[in-house]
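K.L.:
Here it is, the structure in full.
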Amino acid sequence: MAFQEDLHRDGSGPRFGGQRILLVEDSRMFSAVLCHRLHAELGVNVKPCSSLRVLEETIGHSPNGYAMAIVDLTLPDAPYGEALDCVIAHGIPPIVFTAAFDIETRNRIMERNVIDYVLKDNEFALDSLVSSVRRALSNRKTRVLVVDDIASARLALVRMLEAQQYMVAEAASGLEALAALETFNDIEVVITDHHMPDMSGYELTRRIRRCFGSDKLRIIGVSSSGDRMLSASFLKAGASDFLYRPFLPEELQCRLANNVETLTQFKQLRAAAACDYLTGLYNRRYFYDLGPKLVNDCLRQKAASAVAILDIDHFKRLNDTYGHEIGDEVLKAVALRLATIFEGSDNLLSRLGGEEFAILFPMMDSIAATKLCDEIRSDISRLKVMADDEEISVTVSIGVAEVSDYETFDNYLNAADQFLYMAKHKGRNQVYSDARMTEEAAQ
């Protein structure tokens, strides 16, 4: 389990590599700039279509190949929104990008359940459009729970959210909502009506807040009540936002997007706090936060776990010889190799500091962990790092200790550190552990 960085390196937002988007736009300037920005900022591949004819041919060649479409309403061969009709008919979710806009056009667009519409009439139009695409792609990973005892009202809200690409769960009562929160561990926003048969919306809000802080889950209250105090009651109970019905879809869309963006910012702050700045792995603080919980889970299940400390051999001499910049490159190369090895596993990998890395192996005894660490050691010994025109070889020493009883987390690490010392004493580029010591004693 290594730290997974899903943000662009400039911090501008998440990346969506491999996604394909249609851009239906007859302006060469808008088309060229948007193709560049969407690829550079979001990592998506954009297929431009300058006319309805080209659009139809493109969809015909790959009818299920596009995540969404950005559509201009007026094209030379499609002046009345025929391009929008085309992408909707093929089940491709659209974002409308248009200069022609009035209330009638707005109503016609919203009736089609588009993701969003962006107007070309201001200097921030392209920024707004890129943000809209980013938000729509992110929404596909965001689950919203809709709570309403009236089926028709719930269905209308569900359809609105699904049009904006959210994953949606439903509940017809407060108790069903609480059960849904136990069933789905990825719900990030709850939108709840006030009047329900088993409990009020703000009572549900209070009960949710006992388990979930506002940095993990957002709650938006809705009601058709004329009681102007209701919004205050919801907010005091812990809701993040409130809307009175009937509301404009755009208002709900913006409020929901703002709440999801707040959660994203919290995630980014937690990720930054858990991430080692140089290698991108989890840092010492995160290892000490999560490690004891993983160990205790194993001990409660009467299952073994093991901890390893890995140290780059002769790292001080390497720094003195080649300089700290090359030392940093070695650290990053080793970290990348370790992250690749452990990608998708349940093992907890972190950089403790300096040239030391720590690995926690849940549900793995010392014999299995020692064998795996020996494979890791062998793999890293084949690693080469360039220093000017010279190839530098890298080796590591690893100490492994099994966790078999309740002790302080420091004690487990101290034991692994002692075995690391013995691996170095035996000549480095070695793995030493309690399991290996037991083998030697039996010989």
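Any read-out appearing in this document is the output of simple, stated calculations on the displayed coordinates, not a laboratory observation. The structure presented is a predicted model; accordingly, all values stated were derived computationally and were not measured. No Cβ is skipped: glycine too gets one built from the backbone with ideal geometry, and neighbour counts run over all protein chains shown.
K.L.:
Only Lys, Arg, Asp and Glu count, each charged at its Cβ (+1, +1, -1, -1), so figure out the dipole size of the chain about its Cα centre, rounded to 20 debye. Present the calculation step by step, with values, prior to reporting the outcome.
P.N.:
Details: 48 positive and 65 negative charges, 121 e Å.
That gives a dipole near 580 debye.
K.L.:
With springs only between Cα atoms under 10 Å apart, run a GNM on the chain and tell me which of PHE409, PHE16, PHE361 wobbles the most.
P.N.:
Looking only at PHE409, PHE16, PHE361, the biggest GNM fluctuation is shown by PHE409.
K.L.:
Greater than 28 Å separation of Cα atoms is the criterion. Which listed pairs, LYS141/LYS371; LYS47/LYS120; LYS47/LYS332, meet it? If you can, show how the numbers build up before the last one.
P.N.:
Working: LYS141/LYS371 37 Å; LYS47/LYS120 20 Å; LYS47/LYS332 36 Å.
In this structure, LYS141/LYS371; LYS47/LYS332 lie more than 28 Å apart at Cα.
K.L.:
For a quick check of your reading of the filter: which GluC sites (Glu not before Pro) in the range 57-133 sit in a DSSP loop and have no more than 16 other Cβ atoms within 10 Å?
P.N.:
Values: sites: GLU57, GLU82, GLU104, GLU111, GLU123; in loops: GLU123.
Filter output for the range 57-133: GLU123.
K.L.:
If you don't mind, another one. Along Cα→Cβ, 7 Å out, is where each label goes; now give me the distance between the ones at SER378 and HIS324 in nm to one decimal.
P.N.:
The modelled label-to-label distance comes out at 3.7 nm.
K.L.:
Starting from the alpha-carbon convex hull of the range 20-138, give the projected area averaged over all orientations, in nm². The partial results should precede the final answer.
P.N.:
Numbers: hull surface 26.5 nm².
For the Cα atoms of the range 20-138, the hull's average projected area reads 6.6 nm².
K.L.:
Once the dipole of the range 166-301 is set up with Lys and Arg at +1 and Asp and Glu at -1 on Cβ about the Cα centre, which of ALA271, LEU299, VAL260 lies farthest towards its positive end?
P.N.:
Toward the positive end, the furthest listed residue is LEU299.
K.L.:
Now, a different point. Do the sum for the chain: with -39,500 (n - 2.57) for every DSSP H run of n ≥ 4, divided by all residues, what is the mean residue ellipticity at 222 nm, to the nearest 500 deg cm²/dmol? Before the final figure, lay out the partial values.
P.N.:
Details: 16 runs with 204 residues, N = 443.
Computed ellipticity for the chain at 222 nm equals -14500 deg cm²/dmol.
K.L.:
Using only Cα atoms, tell me the angle between helix 324-342 and the longest principal axis of the chain; keep it within 0 to 90° and round to the nearest 10.
P.N.:
70
K.L.:
Just to be sure I understand, if you calculate mean projected area of the Cα convex hull in nm² for this structure, which of (1) 23.6; (2) 19.9; (3) 28.1 do you get?
P.N.:
Given (1) 23.6; (2) 19.9; (3) 28.1, the calculated one carries the label (3).
K.L.:
Still on this structure, please answer the following. Want the number for TYR288 to ASP149: 0.36 nm per residue separation, take away the alpha-carbon distance, what's left? Mind dumping the intermediate values first?
P.N.:
Values: separation 139, 0.36 × 139 = 50.04 nm, distance 4.45 nm.
Here the segment from TYR288 to ASP149 would lengthen by 45.6 nm.
K.L.:
Same structure, new question: Size of the dipole of the range 7-165 about the Cα centre, Lys and Arg at +1 and Asp and Glu at -1 on the beta carbon, nothing else charged, in debye to 20? Show your work: numbers first, answer last.
P.N.:
Values: 18 positive and 20 negative charges, 153 e Å.
Roughly 740 debye for the range 7-165.
K.L.:
List the chymotrypsin sites (Phe, Trp or Tyr not before Pro) within the range 130-230 that DSSP assigns to loop and that have no more than 11 neighbouring Cβ atoms inside 10 Å.
P.N.:
Working: sites: TYR166, PHE184, TYR202, PHE212; in loops: TYR166, PHE184, PHE212.
Of the chymotrypsin sites (Phe, Trp or Tyr not before Pro), not one in the loops of the range 130-230 has a Cβ with at most 11 other Cβ atoms within 10 Å.
K.L.:
Quick one: longest stretch of the chain between exposed loop trypsin sites (Lys or Arg not before Pro), exposed meaning at most 10 other C-beta atoms within 10 Å and loop per DSSP?
P.N.:
Free of exposed loop sites, the longest segment is 10-209.
K.L.:
Could you let me know the centre-to-centre spacing of the range 387-434 and the range 206-235, using Cα atoms, in angstrom?
P.N.:
51
K.L.:
Next up: In whole Hz, what ³J(HN,Hα) sequence does the range 231-248 give by Karplus (6.51, -1.76, 1.60; θ = phi - 60°), x for Gly and Pro?
P.N.:
Here the 3J(HN,Hα) series is 4, 5, 4, 4, 5, 5, 6, x, 5, 8, 6, 8, 10, 8, 7, x, 10, 6 Hz.
K.L.:
Once the dipole of the chain is set up with Lys and Arg at +1 and Asp and Glu at -1 on Cβ about the Cα centre, which of ALA423, VAL33, LEU217 lies farthest towards its positive end?
P.N.:
It is LEU217.
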